[in-house]
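Peer 1: Dumping the structure here so I can ask a few things about it.
The values are calculated or read from the model by the stated rules, or taken from the named source; none is laboratory data. All figures in this text were calculated on a predicted structure; none of them were measured in a lab. With ideal geometry, Cβ positions are generated from the backbone for all residues, glycine too; neighbour counts draw on all protein chains shown.
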Amino acid sequence: MKTRVRLVIMGSRNEKPERSCLACRTKKRKDRLLRFVLSPDREVLPDPDARLPGRGAYTCYNRNCLAIAVRQRAFNRAFREEIPVVSFDDLDILVKKIILERVLGILGLANKAGKIIAGSSLVEESLKSSMKPGIVIIASDVSEAIGAKIRILAEHNNVPVLTQLYKNDLGAILGKAPRSAIAVKTGGFVPRIIHEISRYRNFLGEVHDI
């Protein structure tokens, strides 16, 4: 008696589910979209790390898409209920705050691990050394002369440069006075920082790499 074997072709386990942006309807992997949830108080909350419970609604990492979703009341359709008026300005501020807090959190962990080089002079020395850092962060409110000098050194040595934080932010990471620049040594913290800053810049419309 012959046994019939049924072959069922399943999708790859590595495939990640996709969702569509509420505004432009572009379909992307969930982890490449900005997730929102409805809180128990019926507030729309950004959830970039997809940790909050409940049904998710998604937009591109672009504030223009978020503005359109708010204007068209797309969150009502996504959550299938009438919700209070959503403020674009409030969501815009909250998204940027959450992402930058993520960056600061990762930098804080890097500091505890001894992976941070702080201060413009030490950052310059590290860029001239044989052990180049993985990334340099120049405060956006640093003097033009200091910023230009570090940027030229970093670009000459093919070290990525970011400028999304302030001197007070960089000092707070170290628990010290404001710093003009810091560098992060090569290792696992670098790609995480670059990813979060890319999210931030993408949200602002400066880049489109997510």
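Peer 1: Residue pairs, Cβ under 9 Å, 6 or more apart or interchain, first in the stretch 97-118 and on the phi > 0 side of the Ramachandran plot, second surrounded by fewer than 17 Cβ atoms within 10 Å (Cβ to Cβ) and assigned to a strand (DSSP E or B). List them.
Peer 2: Qualifying pairs under 9 Å: none.
Peer 1: Please go through the stretch 107-128 and give me each residue that is of a type in the set (Gly, Ala, Ser) and either in a helix (DSSP H, G or I) or assigned by TED's automatic domain parsing to the domain that holds Leu34 (or both), ordered by number.
Peer 2: Residues satisfying the conditions are Gly108, Ala110, Ser120, Ser121, Ser126.
Peer 1: Please count how many residues of the stretch 123-139 are out of contact with any strand residue (DSSP E or B) (no Cβ under 6 Å at 6 or more places or on another chain) and surrounded by 12 or more Cβ atoms within 10 Å (Cβ to Cβ).
Peer 2: Here the count works out to 5.
Peer 1: Mind listing whichever residues of the stretch 53-106 are assigned to a loop (DSSP other than H, G, I, E, B), buried (at least 18 other Cβ atoms within 10 Å of the Cβ) and not hydrophobic (A, V, I, L, M, F, W, C)?
Peer 2: Listed by number, the residues that qualify are Tyr61, Asn62.
Peer 1: Inspect all residues belonging to the stretch 15-24 and state whether any of them is part of a loop (DSSP other than H, G, I, E, B), touching a strand residue (DSSP E or B) at 6+ places or on another chain (Cβ under 7 Å), surrounded by 12 or more Cβ atoms within 10 Å (Cβ to Cβ) and modelled with pLDDT under 95.
Peer 2: No; the residues of the stretch 15-24 include none that is part of a loop (DSSP other than H, G, I, E, B), touching a strand residue (DSSP E or B) at 6+ places or on another chain (Cβ under 7 Å), surrounded by 12 or more Cβ atoms within 10 Å (Cβ to Cβ) and modelled with pLDDT under 95.
Peer 1: Among (1) without any contact (Cβ under 8 Å) to a residue 40 or more places away in the chain; (2) surrounded by 18 or more Cβ atoms within 10 Å (Cβ to Cβ); (3) over 30 Å from Cys65 (Cβ atoms), where does Leu162 come up short?
Peer 2: (3)
Peer 1: Let me ask something else. Any residue that is under 27 Å from Asn64 (Cα atoms), surrounded by fewer than 19 Cβ atoms within 10 Å (Cβ to Cβ) and of a type in the set (A, V, I, L, M, F, W, C) - is there at least one of those in the stretch 176-192?
Peer 2: No - not one qualifying residue is present in the stretch 176-192.
Peer 1: Testing Val142 on (1) at pLDDT 90 or above; (2) in a loop (DSSP other than H, G, I, E, B); (3) surrounded by fewer than 18 Cβ atoms within 10 Å (Cβ to Cβ), one condition comes back false. Which one is that?
Peer 2: (3)
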